[in-house]
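S.K.: The structure's right below; bear with me while I get my questions together.
The values are calculated or read from the model by the stated rules, or taken from the named source; none is laboratory data. What you are looking at is a predicted structure, and each value in this text was computed from that prediction instead of being measured. Counting neighbours? That spans all protein chains shown, and the Cβs are built from the backbone with ideal geometry, glycine included. Surface accessibility is based on the protein's heavy atoms, side chains included, excluding ligands, DNA and RNA. Shrake-Rupley method; radii C 1.70, N 1.55, O 1.52, S 1.80 Å.
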Amino acid sequence: MEAEFAIIGGGIVGLSLAYGLLKRGKSVCIWDEGDSAFRASRGNFGLVWVQSKGLHQPAYAQWTRASARAYRSFADEIETVSGLPLNLQQDGGYIIHMSEDSLDADRKLYDGLRNRLGGDYPFEVMGHNALKTEEPNIGPKVAGALYCREDGHVNPLRLLRGLTIAVRQLGGTVRTGHRVTDIQPQSAGFTITDQNNTTMVAEKVVLAAGLGAMTLGPQLGFTAPIRPQQGQIIITEKLPKLMNRPNVEVRQVDEGGIQIGASSAEVGLNDREDVATVAGLAAHAVDMFPKLAHARMLRSWAALRIMSPDGLPIYQRSVQHPGAFFVTCHSGITLAAAHAGVLGDWLTDSAEQPDLTAFGEDRFDV
Ligand SMILES: Cc1cc2nc3c(=O)[nH]c(=O)nc-3n(C[C@H](O)[C@H](O)[C@H](O)COP(=O)(O)OP(=O)(O)OC[C@H]3O[C@@H](n4cnc5c(N)ncnc54)[C@H](O)[C@@H]3O)c2cc1C
């Protein structure tokens, strides 16, 4: 075998998995298509976010919280190995509401989740005045916010770069510009072939190809029921400090720009931004933080999320080919610490296994 693990996809998910496997002493080769592919890891919002995850599936809320808890030491490791500051800040975050009714409706949902978790779910409701004490620049139209002390944000591009460096330093191979076209199960292992007919044989294969899994998944017996969902984001010029904590729609990045987004639209494999959506995002941001009316927008972009039918991750071992695994998720930045951590126990069949029963593909069987 040329490697114990071949990972198809060098986005944040594939790299996080690779890092965890290399730390366990496994040999890993990542195959990544490169710039011609849709790459959510290069277009996301950078939140390490607990709120809104698992409102209807407590196992997902717990999985997300476990990743958020593990994040500090994960980020410290990547910073040490790569020498890149990731600017992780986990000092809490908000979901801002513009009406009392929507704030109250959300509070009821979070109360329900807290009850299902036996009272262990950290959120607070803040009215306008309480929020204004923390965030003096909110506008008069803001009704209040939900606050969760476990929320935070990170520089997602440095995380991606830092992980790539860390994977290489631990002895992993990252092959970019290699679009995998064929994965053939053998009596032992898998033969992987790319667009140039380069091949390799690996004992196990992990499909972490984002939207590329829609076509590769069935080769390994996965249904891969994922779809693209477009999100658009704006970044402004660098500004003096405008906010202390991120909220789910606006955050001040470590370099000073205000990042605004992300929209969501079901438009298929379309990653082009449009003026109407960008204008809507900007107007809403100005309602939340009126000082933004004077900010200059530097650029905007669109990227495609990788969505499962219920928005939860999919962690599935192939029934037909047990050495093949499928990993995908909606929140790969947030879950990077879990993917680099305990998910490696699942991939390596270790005695200690995370409980992934809520995340198999079979939950979509009718
Ligand atoms: C607008 C937006 C905002 C977001 N905000 C957040 C956020 O705030 N917090 C958060 O946690 N998550 C966020 N996300 C989600 C997060 O970005 C994704 O969950 C994450 O990037 C998925 O990583 P991935 O590695 O699975 O996919 P990708 O980043 O898409 O990577 C897949 C990789 O597979 C490769 N590939 C595809 N096909 C093949 C093939 N045939 N052969 C070889 N390689 C292949 C591609 O080259 C690509 O590099 C956001 C996403 C979007 C779009």
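S.K.: Mind putting a number on the dipole of the chain about its Cα centre? Charges go on the C-beta only, +1 for Lys and Arg and -1 for Asp and Glu, and I need it in Debye to the nearest 20.
M.R.: So the magnitude is around 600 debye.
S.K.: Stick to the Cα atoms of the chain, pair each with every other, and give me the Kirkwood hydrodynamic radius in Å at one decimal.
M.R.: The answer is 21.2 Å.
S.K.: So if we plug the beta-carbon distance of residue 1 and residue 59 into 1/(1 + (r/R0)^6) with R0 = 51 Å, what FRET efficiency do we get, rounded to 0.05?
M.R.: Taking R0 as 51 Å, the efficiency between residue 1 and residue 59 is 0.90.
S.K.: To one decimal place, what Kirkwood hydrodynamic radius in Å is obtained for region 93-147 from all pairs of distinct Cα atoms?
M.R.: Roughly 11.5 Å, rounded to one decimal.
S.K.: Can you list the lysines whose alpha carbon sits under 24 Å from that of residue 204, skipping same-chain ones fewer than 8 residues off?
M.R.: Filter leaves 23, 26.
S.K.: What FRET efficiency, computed as 1/(1 + (r/R0)^6) with R0 = 25 Å and r the Cβ-Cβ distance, is obtained for residue 100 and residue 73, rounded to the nearest 0.05?
M.R.: The calculated FRET efficiency here is 0.05.
S.K.: Here's another thing I want to ask about it. Round to a whole angstrom and tell me the spacing of the C-alpha centers of region 300-366 and region 1-59.
M.R.: 10
S.K.: Which order do you get for 287, 120 if you rank them by accessible area with a 1.4 Å probe, largest at the top?
M.R.: Descending accessible area places them as 120, 287.
S.K.: Now, a different point. What distance in nm separates the simple spin-label points at residue 352 and residue 310, each placed 7 Å from Cα in the Cβ direction?
M.R.: My value for the distance between the label points is 2.7 nm.
S.K.: Which whole-number percent of Cα pairs in region 242-366 have a distance greater than 22 Å?
M.R.: 53
S.K.: List the lysines whose Cα lies under 24 Å from the Cα of residue 141, skipping any in the same chain that are fewer than 8 positions away.
M.R.: Within the straight-line limit of under 24 Å, residue 141 reaches these lysines: 108, 132, 241, 291.
S.K.: Something else about it: From the phi angles alone, apply the Karplus equation (6.51, -1.76, 1.60; θ = phi - 60°) to region 336-352 and give each ³J(HN,Hα) in whole Hz, x where the residue is Gly or Pro.
M.R.: 4, 5, 5, 5, 7, x, 5, 5, x, 5, 5, 5, 9, 6, 6, 5, 8
S.K.: Quick one: compute the contact order of region 37-138, relative version, from alpha carbon pairs under 8 angstrom and 6+ residues apart, as a percent.
M.R.: 21
S.K.: Can I get the semi-axes of region 1-160's equivalent ellipsoid? Compute them from the C-alpha gyration tensor as square roots of 5 times the eigenvalues, in angstrom, largest first.
M.R.: Value: 35, 18, 15 Å, ordered largest first.
S.K.: What's the FRET efficiency of residue 203 with residue 129 using the Cβ-Cβ distance as r and R₀ = 51 Å, to the nearest 0.05?
M.R.: 0.30
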